[in-house]
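Just so it is clear, none of the values below were taken in a lab; they were calculated from the coordinates. Remember, predicted model here, so these are calculated numbers, not experimental data. All Cβ positions, even for glycine, are placed from backbone atoms using ideal geometry, and neighbour counts span all protein chains on display.
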């Protein structure tokens with residue numbers, strides 16, 4: 001029953017946004033982490049992922065009137081837009097589309113892939129809830145891919161303190177992810 005209510009709520013949000021573009025903000029908030037997680041997995045460059053995520057929502061808003069509800073989650077439509085944008089960007093730059101090109105060719109996300117995106121989106125949300133120092137260490141270590149030594153210098157702490165903050169952050173995230181999955 002909960003899934004049916006969620007689907008009905010999403011459909012109502014889409015219909016409201018189609019009538020009043022100001023209501024698109026609700027859809028953006030619901031789907032931002034999912035879309036960002038989907039893109040960052042493919043491009044592996046934070047700035048490019050941010051640009052593409054912005055472009056996905058810009059295109060989605062511009063084409064919202066054409067969206068037809070068919071019982072498929074709105075996120076699937078956003079993933080299709082994202083896949084096409086990624087493919088276009090790689091083709092324009094003359095580079096080969098990175099691994100997983102089958103996903104880009106048919107622009108459909110598999111159920112397993114959607115589940116992985118959901119996990120990543122949950123993780124992004126949970127990182128935001130960490131205490132400030134733990135969050136900063138996680139971002140520097142895993143988003144910006146800095147070494148322990150570089151993080152220690154950036155936050156003016158010892159390497160041991162950084163390791164301890166990282167350990168606490170990861171333990172905290174692991175426990176919260178288990179709670180989020182339940």
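The length gained on full extension between residue 168 and residue 147, counted as 0.36 nm times the residue separation minus their Cα-Cα distance, comes to 5.8 nm. Computed from the C-beta positions of residue 159 and residue 54, the FRET efficiency with R₀ = 30 Å rounds to 0.25. Between the Cα long axis of helix 2-19 and the first principal axis of the chain there is an angle of about 70°, rounded to the nearest 10. For the chain, the relative contact order works out to 19 percent when only alpha carbon pairs closer than 8 Å and six or more residues apart are counted.
What number results when the radius of gyration of the stretch 130-182, computed over Cα atoms, is divided by 2.2 N^0.38 Å?
Computed over Cα atoms of the stretch 130-182, the ratio equals 1.15.
Net length available on complete extension from residue 7 to residue 29 is 6.3 nm, with 0.36 nm assigned per residue and the Cα-Cα distance removed.
For the chain, what does the helix formula give at 222 nm: sum of -39500 (n - 2.57) over DSSP H segments with n ≥ 4, over the residue count, nearest 500 deg cm²/dmol?
After summing the helix terms and dividing by the residues of the chain, the value is -24500 deg cm²/dmol.
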